[in-house]
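Please read the structure below before turning to the comments.
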Amino acid sequence: MRHDLLLEGWDVVLAARGRDGIKRARSVAPDAIVLDFELPDVDGLTLCRLLRRAGNRTPILMLSENGEGIACLNAGADDCMRKPLDSGELRARLRSLVRRSSGGAFDGRLRFEEPELDPEEHVARVGLRTVRLTRTESQLLELFMLNPRRVLSPEVIYDRV
């Protein structure tokens with residue numbers, strides 16, 4: 001899961017214990033929180049309630065094994081997924097949560113400095129110039145824009161594209 005999120009351009013901060021998660025949520029100001037129902041020191045429901053009582057409005061996606069979705073939502077989570085996870089669905093749900101929390105400002109386009117990419121339409125724009133890309137070209141450009149100033153191994157590029 002972490003690897004897939006990194007490839008998509010998310011900065012991932014991990015916390016193995018609930019208490020560490022609370023500290024990180026306060027210090028990092030994440031775009032979204034993925035919270036497991038089962039944690040070793042504080043269960044996910046309690047942690048979610050603590051974050052909400054403290055005024056934390058960060059979108060929370062909870063993960064559960066036994067269909068505790070209603071309990072997760074009642075505790076303040078914005079969404080819930082049942083394990084085992086489908087990484088594509090996880091990424092889509094996170095994008096949706098962040099889009100909704102930002103007032104829908106995300107239009108699906110990627111920008112890095114001047115170039116802009118519309119990955120759905122496979123169109124890149126630089127200034128006033130528009131270039132129609134093949135699917136592979138669009139995927140490569142998207143991968144590079146999501147990982148600026150990073151050297152990507154051929155294996156990562158092949159795996160992603």
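A short reminder: the numbers here are calculations on the coordinates, not readings from a lab. Because the structure is a prediction, the values reported are computed rather than measured. Quick reminder, even Gly has a Cβ in these numbers, built from the backbone with ideal geometry, and neighbours come from all protein chains shown.
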Segment 110-160 - Debye-derived log10 I(q)/I(0), Cα point model, q = 0.16, 0.24 Å⁻¹: -0.45, -0.90
Segment 1-91: GluC sites (Glu not before Pro) in DSSP coil with no more than 13 other Cβ atoms inside 10 Å: Glu38, Glu65
Per-peptide average of other Cβ atoms within 10 Å, ordering 129-142, 43-56 highest first: 43-56, 129-142
Segment 43-161: translational diffusion in µm²/s, Stokes-Einstein, Kirkwood Rh over Cα pairs, 20 °C, 1.002 mPa s: 127 µm²/s
Exposure rule at most 16 other beta-carbon atoms within 10 Å, DSSP loop chymotrypsin sites (Phe, Trp or Tyr not before Pro): the chain longest free segment: 1-105
Fully extended contour minus Cα-Cα distance, from Leu5 to Arg91, at 0.36 nm per residue: 30.3 nm
